[in-house]
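Where a number appears in this text, it was derived from the coordinates with a stated rule and is not lab data. A quick note: this is a predicted structure, and the numbers were derived from the prediction, not measured. Cβ placement follows ideal geometry from the backbone for every residue including glycine, while neighbour counts extend to all protein chains displayed.
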Amino acid sequence: MAKWVATAVTVGAGTVGGVFTPTLFVGAATGALFGTALHQLGGPLLGGSAGAFALVGMGAVLAATTRSPLLAMILIFELSLDYSLVPPLMLACVVSILVARQLHSESVYTEHLRVKGLALGQETSRPGATMEQTVGDLMHAPVRPVREATSLREIADRFLTSTNNFLPVVDARRRLLGVVALQDLKEFLSSAQDLDAVIAYDVMRPPPKCLTPGQRVLDALPTVLESELRNVPVVNDPGENKLVGAVVRAEILAIFSEAIAVKSDPSR
C-alpha cells in the first residue's frame with residue numbers, strides 16, 4: 001500500500017520518482033493479494049499459485065498504464081518462461097487495457113505531456129514515424145564497464161550494488177572485449193579459491209551482438225530480440241568496437257508495441 005501511495009503521489013505531482021518498476025511492483029503485489037484471497041475464500045479449487053497471480057497482475061497493470069499490451073506480454077513471459085501463463089496473461093492484458101482506455105485516454109507516460117500542453121499528434125499522427133528514429137536517438141550512457149584485469153571480488157561487489165545482470169568488459173581504449181554474466185560467477189563464489197586471483201578476462205563471455213548509433217530502430221529489432229541483456233551495448237562501429245552507449249531493451253520493445261497499436265487502430 002505504501003508503494004502504491006508513493007507512486008501515485010510522485011506521478012501526480014510530476015516529480016521524478018520512477019514509474020516502470022513501481023508499476024511492476026504494484027501489479028505483482030495486487031495479483032498476489034488477489035490470488036491469496038481467492039485461495040483463502042474458495043480453497044485450492046479456485047486459488048492457484050500466488051506467484052502465477054502476481055505475474056499476471058504485473059502484466060495487466062503494466063499493459064494498462066503504458067497502453068502497451070504486447071510489451072507486457074513479452075516482458076512477463078521472459079520473466080517466467082512458463083507457457084501455461086500465456087492464455088491468462090493475454091486475457092488480463094487485453095481486459096486491463098480496454099478498461100483503462102474507458103477510464104483515461106492517456107498512458108502514464110503521455111499524460112504529463114498533455115498536461116504541459118504539448119501536441120502529441122504532431123509527432124505521432126504519421127504511422128511508422130517512430131520507426132525512422134535511430135539507435136543514437138534512444139541511446140543512454142553505457143553500463144559502467146570493468147577492465148579486463150578487474151578482480152572477481154570487485155565484479156561481485158558491482159553486481160551487489162546494481163540491477164544489471166551483465167557487465168561490459170573493456171580495454172584501455174574502451175573497446176568492448178566481452179561481458180561478465182552474473183550467473184557465471186556462481187561456481188567461483190561457491191569455491192574456496194582466492195577471488196582476487198580470478199579476473200574479468202578469466203570469466204568473461206565473448207562480445208555480444210551490438211548496435212551502432214546510426215542504425216534505424218527497425219533494423220535494430222533482430223539484435224534486441226536475440227539479446228539477453230537488459231541494456232544492449234552500442235559501439236561506435238563494428239570495426240573499432242568502442243563502447244559508446246546502451247539501449248534499454250524494454251524501451252525498444254515498447255516503441256514497437258506502440259507502432260503496432262497505431263497501425264492496427266483505424267482511428268489514428
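A few points about this structure:
- Segment 23-104: projected area of the alpha-carbon convex hull, averaged over directions, in nm²: 5.1 nm²
- Packing-based exposure ordering (other Cβ within 10 Å, fewest first) of L41, L243: L41, L243
- Local electrostatic count at F159 - Lys and Arg +1, Asp and Glu -1, tallied over other residues with Cβ under 14 Å: +2
- When the inverse distances between all different Cα atoms of segment 199-250 are averaged and flipped, the Kirkwood radius reads 11.7 angstrom.
- Computed from point charges on the beta carbon alone (+1 for Lys and Arg, -1 for Asp and Glu), the dipole magnitude for segment 132-255 about its Cα centre is near 160 Debye.
- Paramagnetic label zone (point 7 Å from Cα along Cα-to-C-beta, A172; backbone N under 18 Å) in segment 145-162: 146-151
- Each pair of Cα atoms in segment 132-255 enters the Kirkwood radius, and Stokes-Einstein at 20 °C and 1.002 mPa s then converts it into a translational diffusion coefficient of 144 µm²/s.
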